[in-house]
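The values are calculated or read from the model by the stated rules, or taken from the named source; none is laboratory data. The model shown is predicted, which means the values in this text are computed figures rather than measured ones. No Cβ is skipped: glycine too gets one built from the backbone with ideal geometry, and neighbour counts run over all protein chains shown.
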Amino acid sequence: MDILSNIPLAPFTTLGIGGPARWLVEVTSEEEIVEAVDWARQHSAPLFVLGGGSNLLVSDAGFKGLVIRIGLRGISVSDAETRRIYQCAAGEPWENCVQRTLIDNCSGLECLTGIPGTVGGTPVQNVGAYGQEVSSVIHCVRAYDLHDRAFVELSAAECDFSYRRSRFNSTDRGRFIVTRVEYRLNPIGEPALHYPDLVREFESTLPAGTQPSLADTAAAVRRVRRSKGMLIVDNDPESRSAGSFFKNPIIMEKHFQQIAAQSPTPPPKFPSDRGPDGAPRVKISAAWLIEQSGFSKSYALGQAAIGSRHTLALINKSSANAGDILALAQQITAAVEARFAIHLEMEPVQVGF
């Protein structure tokens with residue numbers, strides 16, 4: 001392995017922000033992962049696993065340990081009964097995986113096109129968009145268990161998935177290094193057409209009664225994402241972001257009704273599961289909460305700003321640092337909490353703070 005020293009992390013992130021890693025190594029096999037972990041233990045160095053850098057905010061001071069950049073690549077396809085199995089290496093760009101399933105006309109990932117990053121990050125965040133989540137098609141996740149120093153294969157049930165969560169970013173944060181994900185898709189399935197923005201897109205582009213294909217659906221998702229500044233496009237300054245910076249909060253139905261009663265127009269909401277006590281809950285739009293708290297698109301705080309196309313995107317205008325982004329995020333969360341008694345949770349992983 002080639003372990004490098006004092007490597008700036010900003011170029012590895014979509015925000016373009018971050019100080020240096022004390023050490024950095026790119027691994028291309030499971031054996032190299034074990035070797036890198038052993039090296040970190042021998043040097044008493046903290047570990048951080050870097051994928052595509054699309055859901056990441058790195059501190060200006062950088063990371064005082066070993067960054068392991070996952071470079072495992074490859075996609076293999078097989079069939080099992082009524083499903084097609086895609087085994088994808090953790091370092092494979094996510095879009096490569098999605099496009100392969102579209103070529104094969106398999107449903108399950110068509111609404112997740114255009115999301116930056118790598119395969120290994122999808123189970124960690126339980127990546128979802130436009131009515132789909134990867135948890136619905138993940139069969140198992142292969143990972144290196146840092147506690148037991150062994151490779152394990154975890155079923156979907158063992159991953160403990162929920163909205164934007166898994167055991168990998170909650171109860172077992174930092175314990176596993178994902179090396180491969182297995183997705184099981186439907187080779188004769190229809191596209192998922194549940195999300196309002198997607199339905200409206202087809203109402204304006206397809207004749208009534210026409211059933212869009214999986215490829216049509218993916219293309220529509222990309223158009224919607226681009227219109228909101230949520231698609232990485234070369235030379236587009238709005239692409240210097242971490243995507244949706246805040247999660248849509250899940251609140252009690254009663255709280256939602258109180259907010260709706262005091263609002264001129266009802267806030268957007270999405271279905272959610274019930275609370276631990278069985279009480280009904282809903283997912284409320286974080287973008288709506290932010291806008292109702294006085295923040296508009298293009299609002300700026302120094303070099304950090306809200307995107308001009310979507311309120312959930314915080315962007316690096318040109319030379320913002322991590323402190324600038326956090327200051328803007330904290331200003332937003334404080335305003336939303338003061339008005340609605342809702343705490344917005346940030347989506348990006350914070351490293352080195």
Being modelled with pLDDT of 95 or more and under 27 Å from PHE151 (Cα atoms) narrows it down to one of SER76, SER59, SER5, SER54, so name that one.
SER76
Do you know which of the residues in segment 186-212 that are among the hydrophobic types (A, V, I, L, M, F, W, C) and more than 20 Å from the chain's Cα centre (by Cα) is surrounded by the fewest Cβ atoms within 10 Å (Cβ to Cβ)?
ALA208
Go through (1) surrounded by 22 or more Cβ atoms within 10 Å (Cβ to Cβ); (2) modelled with pLDDT of 95 or more and name the single condition ILE85 misses.
(1)
For SER204, state whether it is at pLDDT below 85 and over 29 Å from LEU344 (Cβ atoms).
yes
Segment 174-185: number of residues that are surrounded by 14 or more Cβ atoms within 10 Å (Cβ to Cβ), under 19 Å from the mean Cα position of the chain (by Cα) and in contact (Cβ under 8 Å) with a residue 60 or more places away in the chain
7
Can ILE17 be described as more than 18 Å from PHE353 (Cβ to Cβ), in contact (Cβ under 8 Å) with a residue 24 or more places away in the chain and of a type in the set (A, V, I, L, M)?
no
Identify the residue in segment 213-225 that is among the charged types (D, E, K, R) and more than 16 Å from the chain's Cα centre (by Cα) and, among all such residues, is nearest to GLY117 (Cα to Cα).
ARG223
In segment 238-275, how many are over 18 Å from the mean Cα position of the chain (by Cα) and in a helix (DSSP H, G or I)?
9
